[in-house]
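To keep things clear, I will list the structure first and then write my remarks on it.
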Amino acid sequence: MRFRISAPICRPAAGLAVGFALLPAVASAHPGHAEGAALVAGLSHPLGGTDHLLAMVAVGLWAAVTGGRAVWAMPLAFLVAMLGGGLAGAAGLAVAAVEPMILASTILFGAAAALALRPALPLALAAVAVFGAAHGLAHGTEGPQAGFAPYAAGFIVATAALHLTGLLAGRGLARLAGAGAARSLGAGAALAGLALAFA
């Protein structure tokens, strides 16, 4: 089956990419999240960096485009791996490539949704988990020194909400305007990730 993405659909994707790319606190540092209550810090961390936000929404979009068990398995794999990465980061594990991996996840998840890639589910889940662990490492490393449990609960809830946003947006657009509309949203996320990479 061929998918055609019309110009009216491409324009919102391009606008989304530009809008996300212009948001503050982009690809690397997310300052200020260790202040205040641990739960609030956890809730705000995924929302405070455009790279985190785009990648997590794109996971939901890819799951929506893929369908079947991926609808729940992809977000769950990301969340579990992110929690493991968060624990490792809080314990002091440092990985030099974490920030580039986070940025790459934005581009790759968005592109996977845009291209409607459907690899074998175990392979897709492994890829989602690897990048989820990278996001978790960043959360754990940059989080508060005390109160990891409420902090972790916060970033898990915020991330799940972003996954759900991508999932509902992808499914809603597919119903309203066809599969191409949902895929164009993934293209917007990938383009925004590329814009962040060259910013």
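The values are calculated or read from the model by the stated rules, or taken from the named source; none is laboratory data. Quick caveat: nothing in here was measured; it's all calculated off a predicted structure. Note: areas computed on protein heavy atoms with side chains; ligands, DNA, RNA excluded. Shrake-Rupley method; radii C 1.70, N 1.55, O 1.52, S 1.80 Å.
Below is a table of values for the structure above.
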read-out: 3J(HN,Hα) from dihedral phi, the stretch 39-44, Karplus parametrisation 6.51/-1.76/1.60, rounded to Hz, x for glycine, proline; value: 4, 5, 4, x, 5, 7
read-out: Net length gained if the chain between residue 130 and residue 69 were fully extended (0.36 nm per residue, minus Cα distance); value: 20.1 nm
read-out: Accessible surface, per residue, of the stretch 59-123 when the full set of protein chains is kept, probe 1.4 Å, Å²; value: 43 Å²
read-out: Per-residue ³J(HN,Hα) for the stretch 153-160, Karplus 6.51 cos²θ - 1.76 cosθ + 1.60, θ = phi - 60°, Hz, x for Gly and Pro; value: 4, x, 6, 5, 5, 4, 5, 4
